[in-house]
1. So what is the 222 nm mean residue ellipticity for the chain from helices alone, if each DSSP H run of at least 4 adds -39500 (n - 2.57) and you divide by all residues, rounding to the nearest 500 deg cm²/dmol?
2. Measure of size requested: the Rg and Dmax of region 140-300, with Cα atoms as the atom set and Å as the unit; please supply both.
3. Relative contact order of the chain, please, whole-number percent, based on alpha carbon pairs below 8 angstrom and at least 6 residues apart.
4. Once you've got the GNM for the chain with C-alpha springs shorter than 10 Å, pick whichever of PHE61, PHE241, PHE120 has the biggest mean-square fluctuation.
5. Which whole-number percent is the relative contact order of region 221-286 (Cα, under 8 Å, 6+ apart)?
6. Could you provide, to the nearest whole Å², the per residue accessible area of the chain with probe 1.4 Å?
7. Out of the total accessible area of the chain (probe 1.4 Å, heavy atoms of protein only), what percent is carbon and sulfur?
8. Taking θ as phi - 60°, what are the ³J(HN,Hα) couplings along region 105-118 by the Karplus curve (6.51, -1.76, 1.60), each to the nearest whole Hz, with x for Gly and Pro?
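The values are calculated or read from the model by the stated rules, or taken from the named source; none is laboratory data. No experiment lies behind these values; they were computed from the predicted model shown. Note: ideal-geometry Cβ built from the backbone for every residue, glycine included; neighbour counts use all protein chains shown. Just the protein is used for accessible areas: all its heavy atoms, side chains included, with ligands, DNA and RNA removed. Shrake-Rupley method; radii C 1.70, N 1.55, O 1.52, S 1.80 Å.
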Amino acid sequence: MIKVAINGYGTIGKRVADAVAAQPDMEVIGVSKTSVSAEAYIAGKRGYPLYIADLAKKPEFEKAGIEVAGDVEAMVKGADIIIDATPGGVGAKNRPLYERLGKKAIYQGGEGHDVAGFSFNAHANYKEATGKQFARVVSCNTTGLVRLIHALDQAFGVERVRAVMIRRGADPGDVKRGPVDAIVLNPTTIPSHHGPDVLTVLPHINIVTLAMIVPTTFMHMHSIQMDLKRKTTRDEVMAVFEKHNRIGIVRKATGIKSNAQLREYTQDLGRPRTDLWENGIFEESVSVLDGKEFYCFQAIHQEADVVPENIDCIRAMMGTVKDPEESIRMTNKALDFVPIG
Ligand code: NAD
């Protein structure tokens, strides 16, 4: 069993912890928090030993009825690998601790590529992670872009990508960011950081991205255009999506036309926390003009799509499963990942 510690038990950390606990070859040896909160209670209810960044706060936790197993350093010592899901920028500050203790760590997309020098996506570069001490699972938007671009690049070759990201304003529980009522250009300049971030995984792709933030919490929506190298048809493109185990199709027959309806749908499907782990490509939007011009809309659930990638990244770095497809299948099976469409 691979011993996994989750440093930072927030939006991403709590999901990755549950996903690790569901795997047959991994166990959660601890999760960490900085202060008493609802998530600290949940860790106890899930049976995850809770470690804290500052032991001086132990009495506060105990007063709230939350047992503390020790400090973050003790948790890191007991792990084979750490998922660092602390807020953006904190992961880089944690790196010296992992280095000192000689531990492997996986960072999230809020950190720069340099924090690990290697950015990961299971379909694109699983094998390159073997034996690495550090890796970064790219952000939710970049994960969604890389899955789609890589799938079409493998099948037809991608000449260039032009994509607009309509980004959610905040996560559902993130009340401190709201209420909001605006469409914010994020950034005003072009390109947004997403295109350059795709290049950390797929360096040969010609890509320009634009981004804006809107007042919604459920998902991001991508509007994507790609020029393909080889002539193809809509049916051939759909066949690539139907076969892909992290691309889901939002069927025309469902009548779903928004992030809100899609969230309702994943809730009705019984997905834990309503999570959409795969890209949600709108079937009706998939278009191929003149054989080479591809268009689509895809929904990306910011809280969820990086979760299975973290699980595959653990196996890749530990070297326990050599074949990416085998790890992806294991991860999906353990999550009871039934396709959305
Ligand atoms: P979050 O704020 O929801 O959770 C972070 C957790 O880390 C909190 O529980 C906090 O208590 C804990 N923490 C803070 N400082 C700590 C420290 N020094 N030691 C240990 N724990 C500490 O953040 P999040 O949204 O889960 O984001 C985590 C990372 O994942 C970031 O890099 C972010 O950019 C990335 N990410 C976030 C999303 C998203 O939409 N939320 C999507 C993809 C990637």
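1. Computed mean residue ellipticity for the chain: -10000 deg cm²/dmol.
2. Cα radius of gyration and Dmax of region 140-300 are 15.7, 48 Å respectively.
3. Numbers: 699 pairs, mean separation 59.3, N = 341.
Reported as a whole number, the value is 17 percent.
4. Fluctuation is largest for PHE61.
5. On the way: 46 pairs, mean separation 24.5, N = 66.
About 37 percent, as a whole number.
6. On the way: 14590 Å² over 341 residues.
Here the residues of the chain average 43 Å² of exposed surface.
7. Details: 7710 of 14590 Å².
Its accessible area is 53 percent carbon and sulfur atoms.
8. Running phi through 6.51 cos²θ - 1.76 cosθ + 1.60 with θ = phi - 60° gives 9, 10, 9, 10, x, x, 8, x, 3, 5, 4, 10, x, 8 Hz.
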